[in-house]
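Have a look at the structure below before the remarks.
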Protein chains: 2
Amino acid sequence: MAEDRVTQAVGVARELLEADGPDAVSMRAIADRMGMRAPSLYKHVPDKATLEVHLIAAALAEFGAVLHAAGPNLPALAQAYRSWATAHPHLYTLATAQPLPRDRLPEGLEDRAAAPLLKACGGDRDRARAAWAGAHGLVSLELADRFPPDADLDAAWDAFAAAFAA
Amino acid sequence: MAEDRVTQAVGVARELLEADGPDAVSMRAIADRMGMRAPSLYKHVPDKATLEVHLIAAALAEFGAVLHAAGPNLPALAQAYRSWATAHPHLYTLATAQPLPRDRLPEGLEDRAAAPLLKACGGDRDRARAAWAGAHGLVSLELADRFPPDADLDAAWDAFAAAFAA
DNA sequence: GAGTGTAGCTAACACCGTTAGCCCGCGCAA
DNA sequence: TTGCGCGGGCTAACGGTGTTAGCTACACTC
């Protein structure tokens, strides 16, 4: 059978990333787990960046599905956003901290992930972007441990939700 | 005289970072610009991480001063936040994307940078954190080119300000 | 059976941060 | 003046990274 070595490599990369963070994701480590040496990996994958693009695509698809399932109301979306991101911190960061390789991503992926929030904002794109930024900001500051240790994150999320409820 | 080689190294690191991004900041490149080889740099600086801590401290101090100068009202703060960050994208990212090495930073640096926003929010810490997250989210998504090319960022900032104006 | 493509391998390159060990020259003390 | 320590430069090297070149062995086809 030998199901596609590329998807296998992406899976291994995801395991490594989620378990031990971005520094653990090396071509040699991936190859090791696939039972081969690093150079052989290049018979299946052109380079590491491509692998990361696949990882980002998978992450966005999964994340988008979670948001979609939360339905188009803002508090539920915020909760889903935060809980997925904190459950997959390295994946969230990978998919979010760098420019999107839009030309190498499946058509419509981005829009599909954004759709629930846009609907929750009644189609107001600017408002949706501001809300997205709020959620992303809260999540990424939390993931980077930027809030003081005594900060009440739930309360901060409530304040965020309150600002956008009006 | 030989003004402190450490501050000189930090200055060079900043130049490299601002000019060509984080990948350009290598110990060898810094040493080159100082007219020496990389190993000699270690006679003055214990390691690269320490250099980065100095860079972060300098960035936070400068950024904090800019915010302070903007005064404690939210629209002015938002404008100052965005314009400093976009003027120094790599520096902003460096100082913001990783956990703060709080134990190695000057006492009170963090609070001083946060003070203007806290005052603008009337001392409501949760609200201030939500507002900070909004600004940080907008900036970091903009810096990472995450908004669609046709997005009107000014309008998104207005929507953000409107949400927190009420 | 000859040939061809797939998929593994080792060796190597250029870079990274970092360490070990050498050596030169300056200041200071006897 | 002589000797000595040490600050501050150097080269060589280690182990890591992504990646390429070039070899080989197996399977499949004609």
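Listed values, structure above:
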item: Kyte-Doolittle mean at least 0.0 and Cα axial length at least 20 Å: DSSP H helices in chain B; result: B:5-20, B:48-70
item: Inter-copy spacing of B:Ala24 label points, which lie 7 Å from Cα along Cα→Cβ, given in nm from shortest upward; result: 3.4
item: Exam field: B:Pro106 pseudo-label spacings to other copies (7 Å along Cα-Cβ), nanometres; result: 5.1
item: Label distances, nm, B:Pro149 versus same residue in remaining copies, Cβ-directed 7 Å point; result: 4.8
item: Chain A residue with Cβ closest to the axis mapping A onto B, distance in whole Å; result: A:Gly137, 1
item: Binned Cα-Cα distances of region A:62-126, short to long, each 5 Å bin given as a whole percent; result: 3, 17, 25, 26, 21, 9, 1
item: GluC sites (Glu not before Pro) restricted to DSSP loop in region B:107-166 with at most 12 other C-beta within 10 Å; result: B:Glu107
item: Rg in Å to one decimal, and Dmax rounded to a whole Å, for region B:1-45 via C-alpha atoms; result: 10.0, 32
item: Between region B:1-79 and region A:23-45, the Cα center-to-center distance that results, in Å; result: 35 Å
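Values quoted throughout were computed directly from the atomic coordinates according to the rules given, and no laboratory measurement underlies them. Given the structure is predicted, the values throughout are model-derived calculations rather than measurements. All Cβ positions, glycine included, derive from the backbone under ideal geometry; neighbour counts span all protein chains shown.
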